[in-house]
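Single-structure report; data block below.
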Amino acid sequence: MTIAILFLFFFVGTDAPKPAERLKQLIAESEAIEKTYHQELSDNRTAEGVRKAKDKYEAARMAWRKSALEAVRKNPDLPEAFEVIATILNQSGSDIPEMIALIRKHHAARSDLGKPFPRLVQSKEGKEFVEEMAEKSPVETIRAQAAYSIGRAARLRIMYDDLGIVKNETLGIEKKLTEEERKHLEERAQKYFSIAAKYDDAPLGPWGDGKIGPAARGELIGLKNASLLKVGQVAPDIAGEDLDGTKFKLSDQRGKITVLVFWASWCAPCMGMVPYEKKMVERMKGKPFALIGMNGDGDKEKAKEAAKKHEMTWPSFWDAAERPDGQISKAWNVAAWPTIYVLDADGVIKYVGHGASPKLDKLVDVLVEKLGNK
């Protein structure tokens, strides 16, 4: 009997994964849940299909979170535990303060501590922690990413308000901003972007490709441009290079009706708009019209491949992630992709939108016809 019990204990013990392996499994499980969810959304876009996918996703996430919390509470100091904690923090939940406490105790000096910052700054406890890291982190990269995250959160809140998003539970938006709230957020963004702009070598990390310094400088330009990027205002000029390295300016198109489209190969709606753009270019052939792209891919080769594959014959600026003077998409306050601007012959903004529409077609036709008749 004793031998049998010992054998059983040995068999079960060796079959169970070690703590580090279990934590790695949890990360893989989390990634699989996300992949399955997005695939199911893609496979069935009907209201019923979306509802079922979301219900299944929420149930899977809840079960995963329960297992994840149990695992990190047992071994909070393991390097693999941080990856799980960061994933937990990228979701909402009442245990966020507990997870932050574990990070403070066991992982505060990690160079990749910024992974959950974009989501953390949306909660009270998380915001306080990120502010603390911006001031006190022993790691320069983390101080930079924390400062940028705080500024970006304030900036996005203003931009969402401008887009008309006045209620969104995921984004933590409950109402439209008051003038006082907007001013406070603008000052907050100015303060933290100014700090972040000093860190030229720190990677953007969770915020994408590129470096903190150039991105923050682009954001600071965006703050100044806010009043200019509205219908009726003369659009700020853009000086850059196309995907082949040729230098040109947006103002080179003065005298024409110009449609400026912010796009990226990773943006499905952007690529879905390409047939519409091709028809517009064909319709306007020989007329005082120009379609100009502004590509947001971090990898220029991916952008070039997409343009070639989809036969995008019009020029596109490449919004290089490390432009010394700041990223153009940030200077133009782009919060949604695609974003479309229509400029008249004098560079005055006549339209701002986010997709193909009869209204856009009609406006371009009217402006081009009016210009042609002068």
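The ranking of 178, 141, 339 from fewest to most other beta carbons within 10 Å of each one's beta carbon is 178, 141, 339.
This model, with +1 at the C-beta of Lys and Arg and -1 at the C-beta of Asp and Glu, gives segment 231-374 a dipole about its Cα centre of some 500 debye. Seen through its C-alpha gyration tensor, with square-root eigenvalues sorted a ≥ b ≥ c, segment 15-212 comes out oblate because a/c lies at 1.5 or above while a/b is not bigger than b/c. Between residue 226 and residue 48, the C-beta separation translates, for a Förster distance of 41 Å, into a calculated FRET efficiency of about 0.50. Neighbours of residue 355, meaning other residues whose beta-carbon lies under 14 angstrom from its beta-carbon, give a summed charge of -1 when Lys and Arg score +1 and Asp and Glu score -1.
Summarising the amide proton neighbourhood of residue 339: residues at separation of 5 or more, or on other chains, whose placed amide H is nearer than 5 Å comprise 262.
Remark: segment 322-330, residue by residue, has Karplus-estimated 3J(HN,Hα) of 10, 4, x, 8, x, 5, 5, 4, 6 Hz, where x stands for each Gly or Pro and the curve is 6.51 cos²θ - 1.76 cosθ + 1.60 at θ = phi - 60°. Within the listed set 40, 135, 277, the residue fluctuating most in the Gaussian network model of the chain (springs between alpha-carbon atoms under 10 angstrom) is 40.
Taking a ≥ b ≥ c as the square roots of the Cα gyration tensor eigenvalues, with a/c under 1.5 meaning rounded and otherwise prolate when a/b beats b/c, else oblate, which class fits the chain? Prolate shape, in that a/c is at least 1.5 and a/b is the bigger ratio.
Selection among 130, 97, 234 by position relative to the dipole of the chain gives 234 as farthest towards the positive end (Cβ unit charges, Cα centre).
Each helix, a run of at least 4 DSSP H residues, gives -39500 (n - 2.57); summed and divided by the residues of the chain, these come to -17500 deg cm²/dmol at 222 nm. Computed from point charges on the beta carbon alone (+1 for Lys and Arg, -1 for Asp and Glu), the dipole magnitude for the chain about its Cα centre is near 740 Debye. Per-residue Karplus couplings for segment 42-56, computed as 6.51 cos²θ - 1.76 cosθ + 1.60 with θ equal to phi - 60°, are listed in order as 5, 6, 9, 8, 5, 4, 5, x, 5, 4, 5, 4, 5, 4, 5 Hz, Gly and Pro entered as x.
Phi angles of segment 21-30 translate, via the Karplus equation with coefficients 6.51, -1.76, 1.60 and θ = phi - 60°, into HN-Hα couplings of 5, 5, 5, 5, 4, 5, 5, 4, 5, 4 Hz per residue; Gly and Pro are given as x.
Would you work out if segment 37-90 is rounded, prolate or oblate? Take a ≥ b ≥ c from the square roots of the eigenvalues of the alpha-carbon gyration tensor; rounded if a/c is under 1.5, else prolate when a/b is larger than b/c, oblate otherwise. Here segment 37-90 falls in the prolate category.
Here is the list for segment 291-374: GluC sites (Glu not before Pro) lying in DSSP coil, each with at most 12 other C-beta atoms within 10 angstrom of its C-beta, are 311. Using r as the Cβ-Cβ distance of residue 55 and residue 122, and R0 as 25 Å, what FRET efficiency do you calculate, to the nearest 0.05? Using R0 = 25 Å, I get an efficiency of 0.55. Put simply, the amide H of residue 173, placed in the peptide plane, has neighbours under 5 Å in 168, leaving out anything fewer than 5 places away on its chain. Only one residue of 318, 336, 360 has its Cα farthest out toward the positive end of the dipole of segment 228-372, where Lys and Arg carry +1 and Asp and Glu -1 on Cβ, and that residue is 360. Residue 277 sits among other residues whose Cβ lies under 12 Å from its own Cβ, and their net charge, with Lys and Arg +1 and Asp and Glu -1, is 0. Taking other C-beta atoms within 10 Å as the exposure proxy, 161, 297 rank 161, 297 from fewest upward.
Only the coordinates and a few stated rules stand behind these numbers; no lab work does. Just so it is clear, the model here is predicted, and its values are computed rather than measured. Neighbour counts are summed over all protein chains in view; Cβ atoms, including those assigned to glycine, are modelled from backbone coordinates with ideal geometry.
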